[in-house]
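Inspection log for the structure reproduced underneath, given as structure tokens.
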Amino acid sequence: MTIRQHACALVLCALAFLLDQPFAFSAIPEGLSQHIREAYDRGETFRVVTFTTDGRWFIATDKRTFMGGVPDGLGQQVREAVDQGETFRVVTFTTDGRWFIATDKRAFMGGVPDGLGQQVREAVERGETFRVVTFTTNGGWFIATDKRTFMEGVPDGLGQQVREAVERGETFRVVTFTTNGGWCIATDKRTFMEGVPDGLGQQIRETYERGETFRVVTFTTDRDWFIATDRRVFAGTQ
């Protein structure tokens, strides 16, 4: 084997090793990254993973729950929910203090817009199940329960896709935004995105083609992202 052939072989081996790992890149807070790796190694199911540009993070699997730097009110509700053995369905928060949490038993929020707060209270009174609740960076929001869907201040392209999905009777699994206008929607039938990181877009397309189910898709800027399906886990940065 020539020196050039040997070098190429080493490159191919290194590439194969990276592709075999759940994380070829580290784009998320160190504490969160550690818990994700541990959960992946243990074969746990990811239920909620979220993080912000200023280093706040939360993770809940079917076995354990951890958080770092989250708003005080949210942290208190998380601890109470863990003590009572509740299952986390939605946990989301922003750098400016807005937060929302829903378990299989209760829903709590802090600093949310009045319109969202009203829809949450009505959903709780009706006994609806929260599937997606998320915020945009400019004060907008999106909420989907097992019965209804509402939104305000979301990008036009996303709004159009949401309306079409509602008309088709599709179930929302993921709706998430970047800090600079990007967004992603995944329903039980289709996936749409705009302005998302290239690596994330590629993984979303491959996941859809493989028939995998999205459990978590989250990203902060146009660079950093995390995705978990019923089969695989990936994180990246551009």
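The values are calculated or read from the model by the stated rules, or taken from the named source; none is laboratory data. Please read all numbers here as calculations on a predicted model, not as lab measurements. Using ideal geometry, Cβ is built from the backbone for each residue, glycine included, and neighbour counts are taken over all protein chains shown. Please note that ligands, DNA and RNA were not included when accessible areas were found on the heavy atoms of the full protein model with its side chains. Shrake-Rupley method; radii C 1.70, N 1.55, O 1.52, S 1.80 Å.
Some observations on this one:
- Accessible area per residue in Å² at 1.4 Å probe, computed on the range 167-215: 50
- In a fully extended conformation the segment linking Asp54 and Arg79 would gain 6.8 nm over its present Cα-Cα distance, using 0.36 nm per residue.
- Shown for the range 94-157: the carbon plus sulfur share of the solvent-accessible area, taken with all protein chains present and a 1.4 angstrom probe, equals 42%.
- Ranked by how many other beta carbons lie within 10 Å on average, peptides 46-52, 76-82 from highest: 46-52, 76-82
- For Gly182, nonlocal amide neighbours, meaning residues 5 or more places apart or on other chains whose placed amide H falls under 5 Å from its own, do not occur.
- Options [x] 32, 21, 16; [y] 45, 19, 16; [z] 42, 32, 17 - which one matches semi-axes √(5λ) of the Cα gyration tensor in Å as calculated here: [x]
- Backbone geometry of the range 49-62 corresponds, through the Karplus equation with coefficients 6.51, -1.76 and 1.60 at θ = phi - 60°, to 3J(HN,Hα) couplings of 9, 8, 7, 10, 5, 9, x, 7, 7, 8, 9, 9, 10, 6 Hz, x marking Gly and Pro.
- Relative to the longest principal axis of the Cα atoms of the chain, helix 30-42 runs at roughly 80 degrees.
- Value of relative contact order over the chain, rounded to a whole percent, pairs C-alpha under 8 Å and six or more apart: 16
- For Arg205 and Gln160, the difference between the fully extended length at 0.36 nm per residue and the C-alpha to C-alpha distance is 14.2 nm.
- Accessible solvent surface per residue of the range 113-153, calculated while the other protein chains remain in place, 1.4 angstrom probe, Å²: 49
- Segment Asp41..Glu125, full-extension length gain: 26.3 nm, with 0.36 nm per residue of separation and the alpha-carbon distance subtracted.
- Here Lys63 is the anchor, and the aspartates and glutamates within straight C-alpha reach of less than 20 Å, apart from those fewer than 8 places off in the same chain, are Glu38, Asp41, Glu44, Glu80, Asp83, Glu86, Asp104, Asp230.
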